[in-house]
Structure formats: structure tokens, C-alpha cells
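Coordinate-derived values only; no laboratory data. Everything numeric here is computed off the predicted structure, so don't read it as measured data. All Cβ positions, glycine included, derive from the backbone under ideal geometry; neighbour counts span all protein chains shown.
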Amino acid sequence: MATDHDDLTSAQLESRLAAVADLRQAFTTPGADLDAITEELVRFIRHTVEHPRLSHVAPAKLTKRAPVALAPDVQAALTILADCPERVRARRLDLSGLDLRAANVSRGQWAHSRWEHSDLHDADLSGADLRDADLKWAFLERANLDSAHLGHANLTNAQLRAASLKLVGAEHSCFWGADLRHVSGEGARLAFADLHRAKLDHADLHGAQLPYASFNASSLRHAVLSESLLYFADLRESCLDSADLSGAQLDNADLCRAELRNARLSEASLRGCRLVSAQARYVDLHGSNLAYAGLGAADLRNADLRGADLSDAYMFKTNLRQADLAATRLDHADLHSADLTGAWGLEAAQLVTAWIHPSTRLDPELAQHPAVRARILATERRFD
């Protein structure tokens, strides 16, 4: 190994490439000390591309760094490490704090490895096994992570702006505070993922599988989540202004205090979800299923609820002024103190199927309708 080490530190690229090739051959030699070879390769990579101040460089400055082709000797060393046996990988390869711009580590075996604070923007990690990898604060802008395996990986505060995450498998992974703006993540699998306080503005997650995922206090302005699975997802205090969730499955999701202004949820399923105190002016909910939903104190002014199902919904102090309620189902919905003044398309035949209280605010012509008055009396008897 002494000769290999001398050649790896040579000033000549050809000598270094030859030394790396020798290490590749040694990797396949029966009885070879794989741990020593691995350490030699990691030491060589670190000596060549270590950036001791990457952890102190602001993401905005990293973005401005010009893309470069990775040195061929470093790329060759990475290719060898990508095929490490399981027992070597279990020792957690330490590739943290390295300048690995445009590296190709696709389809590599990187489970349990460490990449924190490394610069991997424009890198190819497609199909890579990164399960349980540590990618905290890693810079992955425009990186290709298509079909990568990121289960239980830690991407806390990672920078993934404009990265490609199509069909990525990231169940139970942590993206706390990560920057995922403008990512392409169609069909991504993120069940139980932690995206607390993550930035997902303009992200494309069409058809993504996100059950039980946590988006608490995250920003998803203009994000595309159409046809996605979000049942039991935690979206409390998240910002979904102008987001597209049409056709999404949000059954039993928690959207308390979420911001949904101008969001599109047409034909979405929100059965049993909680929208308490949600800010949802001009939201498009036409044809959606909101049966058994909790809408207490939600602001749904000017909302489009045409043909929506609000059966058994709890709507205490819900603001529905100027909302479009044409053909909306209100069977057994509790309208205690709800404000429906100026609602479009609302008819007495719809109201008499709901629980209407004296505190429910209606336009005079509806409030004085005989059937509506009779229903108010029946509601008083029912809840006394």
C-alpha cells in the first residue's frame, strides 16, 4: 500500500489514475484488506477535493459557483467506493465537507454514508442507495436523485433547489428545514417523511405518495400536488397559497391554520380532515368530498364549493360569505354561527338537510323561508 499511497499523491494525473486502477484490482483480490483500501481511497478523495470552509459558505454563494467536471481520478475513486461490500459500508464512509460538484455516483451503494456540508450540486445520484445516509446541510441544487433510495436518510437543512426527485423512495426520511423549491418529484414516495418548515414553493409532486408526512409550518406556494396521496398528513400552519391539489387524497389530514388562498382542490377527497381556522379565500373546492370535515372558524369567503359534499361537516363560525354553494350537499352539517350571507346558488332545499341554528347567518329571503324556519326550530329541539 505504500507504493499506492505514493502514486496517489503524485503530481501526475496518469500516475494517480494508475494507482486508483491498482486499488480497484486489489479490491477484488481474495483476502485483501478491504477496510485499508477503503480508507486509502477516502483519504485520497479528501486530500484532493476537501473544502474546509464549505460549512461556512452561504447557499446563495454556493449557487454562484461555476459547475465543473470532477477530476477523473477522484471520479474513479468514487466509482470504486460505490461498489463497497456491505460490511465496509456499515462503517459509514465519511465523505463530508467535500467539493464533489457534478460527481457521478449513480446506482452506487452509499447506505449509512456521511455527506454533510458536501457540495454535490449538479451531481448524479440517480438510483443510488442512500438509505440512512447523513446529508445534513448538503448542497444538492440541480442534483439528479431520480429513483434513489433515501429511506431514513437525514437531509436536515439540505439545499435541493431544482433537484430531480422523480420516483425517489424517501420513506421516514428527514427534510426538516430543507430547500426543495422548484424540485421535480413526480411519483416520489415520502410516506412518514418529516418536511417540517421545508421550502417547497413551486415544487412538482404530482402523484407523490405522502401519507402521514409532516409538512408542519412548511411553505408550498404554487406547489403541484395533484393526484397525490396525503391522507393523515400533517399540514398545520403550512402555506399552500395557489397550490394545486386537485384530485389529491387528503382524508383525515390536518390543515388547521393552513393558508389555502386561491388553492385548487377540485375533486379532492378531504373526508374527515381538519381545516380549523384555515385561511382559504377563493379556494377551489368544487366537486370535493369534505364529509365529516372540521371547518370551525375557517375563512372560506368566495370559495368555489359547487357540487362539494359537506355532509356531517362541523362548521362552527365558518365564514362562507359570497361562496358558491350551488348543488353543495349539506346533509347533517352543523352550521352553528356560520356565516352564509351572500352565498351563491344556495337554496332552501339544501339548508333544510343541515342543522341550522338561530345564530346561523343567512340572507333574509332564506332566513324567512318557512322550511328553513321549521328546520331552525327542529335544530333547537335536537340540541337542547
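Taken about its Cα centre, the range 94-252 carries a charge dipole of about 80 debye when Lys and Arg each add +1 at the Cβ and Asp and Glu each add -1 at the Cβ. Remark on Val224: its backbone amide H falls under 5 Å from those of Ala203, Asp204, Leu205, Asp244, a criterion applied only to residues 5 or more positions apart or on other chains, H modelled at 1.01 Å from N. Using Cβ point charges alone (K and R +1, D and E -1), the dipole size of the range 202-255 about the Cα centre works out to roughly 80 debye. Rounded to the nearest 20, the size of the Cβ-charge dipole of the chain about its Cα centre is 1040 debye, with Lys and Arg at +1 and Asp and Glu at -1.
As a test of the formula, what do you get for the chain when each DSSP H run with n ≥ 4 contributes -39,500 (n - 2.57) and the sum is divided by the residue count, at 222 nm and rounded to the nearest 500 deg cm²/dmol? Before the final figure, lay out each step's value.
On the way: 9 runs with 81 residues, N = 384.
Counting only the DSSP helices, I get -6000 deg cm²/dmol.
This ranking places Thr328, Thr28 by how few other beta-carbon atoms lie within 10 Å of each, fewest first, which gives Thr28, Thr328. Of the beta bridges DSSP finds with both residues in the chain, what % are antiparallel, to the nearest 5? Of all bridge pairs located within the chain, approximately 0 percent are antiparallel.
Relative to the first principal axis of the alpha-carbon coordinates of the chain, what is the inclination of helix 72-82, with its axis defined by its Cα atoms, in degrees from 0 to 90 and to the nearest 10? So the helix axis and the longest Cα principal axis differ by about 70 degrees.
Lys-Lys pairs in the chain that are eight or more residues apart or on separate chains and whose Cα atoms lie under 24 Å of each other come to 7.
Between the helical axis of 13-27 and the longest alpha-carbon principal axis of the chain there is an angle of about 80 degrees.
Only Cα pairs under 8 Å and 6+ residues apart enter the sum, and on that basis the relative contact order of the chain stands at 6 percent.
The angle separating the long axis of helix 370-383 from the principal Cα axis of greatest extent in the chain is about 70 degrees.
Among (i) 25, 55, 19, 1; (ii) 28, 38, 22, 10, 2; (iii) 26, 52, 21, 1, which is the computed P(r) over Cα pairs in 20 Å bins from 0, in percent? Computed from the coordinates, P(r) over Cα pairs in 20 Å bins from 0, in percent corresponds to (ii). Fewest neighbouring Cβ atoms within 10 Å first, the residues Val105, Val42 line up as Val42, Val105.
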